[in-house]
Amino acid sequence: MRKMNPPQMLALSFLCAILAGAGILSLPAATAGPGRIPFIDSLFTSTSAVCVTGLIVADTGTTFSALGTWVILALFQIGGLGIMTFSMLFAVLMGRKIGFSETDVIRSSVDKHSVIGLEKLIKYIVVIALSVELVGAGLLFLRWSSVTSWPLAEVLRQSVFHAVSGFCNAGFSLFSDSLKAFRGDPVINLVMMGLIVIGGIGFVVIMDVAGLFSKKGRTRRLSLQSRIVVLTSAALIAAGAALIFFFEKNNSLAAMGPGERLLTSVFQSVTARTAGFNTIRISLMSAPSQLVLIFLMFIGASPGSTGGGIKTCTFAVLAATICAIVRNRERTEIFGRSVPAQVIKEVLVIVFLAIMWIFAATLVLAYVERNNPLIAGNLINALFEVVSAFGTVGLSTGVTEGLSFAGKVCVIMTMYVGRIGPLTMALAIASRERPDRYVYPEENVMVG
């Protein structure tokens with residue numbers, strides 16, 4: 001472990017957590033019925049939880065026992081906040097000093113350029129997460145206790161599970177139909193959307209907006225990353241909601257009133273950004289709406305957050321770079337700041353590798369599921385499943401539960417790569433930057 005670089009340690013930590021979770025979920029005590037579920041289903045569920053995806057091959061609320069559901073909650077809580085973050089937290093609590101290698105791992109997974117100490121950063125992360133989840137659980141508890149006839153113990157269980165799942169952008173629900181039963185409830189929708197957005201903008205941005213980085217006597221100014229994250233997230237949510245409302249007003253939203261249509265459109269736009277809850281059936285949505293969701297899932301949440309995807313900052317820097325090239329500018333500029341060339345290189349690598357993996361995984365899934373009636377002759381379902389897994393979203397057109405063994409393995413690998421792949425590759429490139437010893441002569445190549 002000490003000889004590993006931060007990307008390798010991150011990848012190994014997630015893999016170990018996945019295998020440990022799969023082992024526990026394979027125990028008979030973790031299931032609600034007699035016996036145990038197949039190991040591939042336990043591995044799929046554990047991977048989905050640790051990678052905060054939410055895709056399921058077995059209904060969470062009916063398949064798993066109370067022990068199983070709490071294990072799943074623990075897995076997506078650990079996966080959402082970062083496995084190494086939890087490890088370092090326990091080390092701090094026990095009084096052990098954190099070495100340079102552990103420091104590199106935490107900064108790589110959360111914030112490479114933090115202006116505060118590592119121990120304080122870890123404490124901030126945990127306090128923010130638990131505080132937001134506690135407030136969210138309290139609001140859900142008050143609402144569900146007033147609109148349902150559940151026992152208080154069940155209300156508490158549902159509230160805690162969905163609050164943690166929402167903040168971690170995990171998408172797991174104890175309801176068989178996700179949150180469709182509460183589609184018209186503004187309180188439930190607003191609370192869940194708040195949890196998803198806060199969890200998806202990133203801990204560093206939360207701390208920056210809260211003023212934890214500001215020093216007394218100085219004018220408060222948000223960092224470039226915070227401004228990009230906030231504005232890009234707001235723009236994507238608004239654009240996604242408008243497009244879904246337009247494409248679905250005479251389709252899946254036709255039977256709803258104006259207010260419910262708007263609420264459903266906004267919720268689906270928010271949850272497509274790596275959360276995975278849904279209040280309408282995705283399979284009933286039109287092809288244009290599904291393409292909008294694929295676009296939102298591909299971008300995903302923000303750096304250093306509980307969500308996945310290529311990230312909002314990656315998308316914004318890529319868009320700004322294209323604009324700079326079109327305008328014949330030498331440098332990429334955003335909000336009066338120039339973006340370093342190394343960051344642009346990382347963006348290009350992340351986007352290229354993401355597109356290549358999605359293409360390859362979609363090709364494999366379409367082939368191994370060629371006898372699946374939901375995928376055969378309907379490539380958008382295969383693409384939707386792969387992008388949802390890669391973006392750690394959890395939305396599905398209904399094909400997940402019917403996947404074959406090979407299909408499940410393909411999706412498992414995609415969830416794992418989507419959670420740690422692009423980030424790990426970018427960090428590996430950044431850590432290996434070396435000055436050129438020589439430069440070859442230039443020669444033009446026709447492009448475009």
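The values are calculated or read from the model by the stated rules, or taken from the named source; none is laboratory data. Small disclaimer: the values here were computed from a predicted structure and weren't measured. Counting neighbours? That spans all protein chains shown, and the Cβs are built from the backbone with ideal geometry, glycine included.
Taken over segment 144-181, the residue count meeting the criterion of being surrounded by fewer than 18 Cβ atoms within 10 Å (Cβ to Cβ), within 26 Å of the chain's Cα centre (by Cα) and not in a helix (DSSP H, G or I) is 3. Does L379 fit the bill of being farther than 27 Å from I196 by Cα and surrounded by 13 or more Cβ atoms within 10 Å (Cβ to Cβ)? Criteria met by L379. The selection criterion, being under 30 Å from G35 (Cβ atoms), within 22 Å of the chain's Cα centre (by Cα), at pLDDT 90 or above and not basic (K, R), does not hold for V135.
Reported count of residues in segment 224-264, each being buried (at least 20 other Cβ atoms within 10 Å of the Cβ), more than 24 Å from the chain's Cα centre (by Cα), in a helix (DSSP H, G or I) and not acidic (D, E), is 1. Applying the condition of being hydrophobic (A, V, I, L, M, F, W, C), assigned to a helix (DSSP H, G or I) and touching an Asp or Glu at 6+ places or on another chain (Cβ under 8 Å) to segment 319-372 and asking which residue is farthest from G300 (Cα to Cα) yields A324. Figure legend. Inter-residue proximity from segment 287-311: first residues within 18 Å of V266 (Cα to Cα), second residues of a type in the set (D, E), beta-carbon distance below 6 Å, spacing 6+ or different chains. Indicated pairs: S289/E248.
Scan segment 181-196 and report the pairs whose first residue is on the phi < 0 side of the Ramachandran plot and free of Cβ contacts under 8 Å to residues at least 12 places away in the same chain and whose second residue is outside any helix (DSSP H, G or I) and of a type outside the set (D, E), with Cβ atoms within less than 7 Å and a gap of 6+ or a chain change. Pairs found: A181/F175. Where helices (runs of 4 or more DSSP H) sit wholly within segment 10-90, those with at least 2 residues that are surrounded by 20 or more Cβ atoms within 10 Å (Cβ to Cβ) and modelled with pLDDT under 95 occupy 39-50, 66-81.
Within segment 304-317, the set of residues being over 10 Å from the mean Cα position of the chain (by Cα) and at pLDDT below 85 comprises G304 only. Of the conditions (1) buried (at least 19 other Cβ atoms within 10 Å of the Cβ); (2) modelled with pLDDT under 95; (3) within 29 Å of T45 (Cβ to Cβ), V191 clears all except one; give me its number. V191 satisfies all of (1) buried (at least 19 other Cβ atoms within 10 Å of the Cβ); (2) modelled with pLDDT under 95; (3) within 29 Å of T45 (Cβ to Cβ) except (2). Counting just the residues of segment 17-46 that are out of contact with any Lys or Arg (no Cβ under 9 Å at 6 or more places or on another chain) and touching a residue at least 60 places away in the same chain (Cβ under 8 Å), which one comes out farthest from L395 (Cα to Cα)? So, considering only residues that are out of contact with any Lys or Arg (no Cβ under 9 Å at 6 or more places or on another chain) and touching a residue at least 60 places away in the same chain (Cβ under 8 Å), the one farthest from L395 (Cα to Cα) is A17.
Checking each residue in segment 381-422 for being closer than 15 Å to S283 by Cα, outside any helix (DSSP H, G or I) and in contact with a Ser or Thr (Cβ under 8 Å, 6 or more places away or on another chain) picks out G394, L395, S396, T397, G398.
Are any of the residues in segment 196-216 within 23 Å of the chain's Cα centre (by Cα) and polar (S, T, N, Q)?
Checked against the condition, which is being within 23 Å of the chain's Cα centre (by Cα) and polar (S, T, N, Q), segment 196-216 yields no hits at all.
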